[in-house]
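The values are calculated or read from the model by the stated rules, or taken from the named source; none is laboratory data. In this text, all values refer to a predicted model and were calculated from it rather than measured experimentally. Neighbour counts are summed over all protein chains in view; Cβ atoms, including those assigned to glycine, are modelled from backbone coordinates with ideal geometry. These area figures cover heavy atoms from the full protein model, side chains too; ligands, DNA and RNA do not enter into them. Shrake-Rupley method; radii C 1.70, N 1.55, O 1.52, S 1.80 Å.
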Amino acid sequence: MSLNESSESIIQNLKDAGCDSETIENFMADLQKGKRANGLKRLDVHRKNLLDSLHREQKCIDCLDYLVYQMRKANK
């Protein structure tokens, strides 16, 4: 695999992970400059943001589940 193919694969993976174009550009620039640790920090931040979003969505689902439970309980 050539460096170009590897870069394309990394970029596609970042897109698939929901990274915006700025994050992708900065991450790739970090890699090209040999600043791998900075790139990994960027990925950690993105992962944390995704996880925070997931937790917010889970809370919404839990609230709906509780409402449905209460409504079904009241109908018995």
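Observations
- Of the solvent-accessible surface of the range 30-76, computed with a 1.4 Å probe over protein heavy atoms with every protein chain present, carbon and sulfur atoms account for 57 percent.
- Average accessible surface area per residue within the chain, 1.4 Å rolling probe, Å²: 86 Å²
- Each label point was placed 7 Å from the Cα along the Cα-to-Cβ direction; for ASN38 and LYS59 their separation is 3.4 nm.
- Contour excess over end-to-end distance, with Cα ends at ASP20 and ARG72 and 0.36 nm allotted per residue: 14.5 nm
- In the chain, the calculated helix contribution to ellipticity at 222 nm averages -30000 deg cm²/dmol per residue, counting -39,500 (n - 2.57) for every DSSP H run with n ≥ 4.
- For the range 23-32, 3J(HN,Hα) computed residue by residue from phi via the Karplus equation (6.51, -1.76, 1.60; θ = phi - 60°) reads 4, 4, 4, 5, 5, 5, 5, 4, 4, 5 Hz, glycine and proline entered as x.
- Cleavage-rule hits (trypsin sites (Lys or Arg not before Pro)) in the range 1-52: DSSP loop, at most 12 neighbouring Cβ within 10 angstrom: LYS33
- Long-range lysine pairs (8 or more apart or interchain), the chain, Cα under 30 Å: 12
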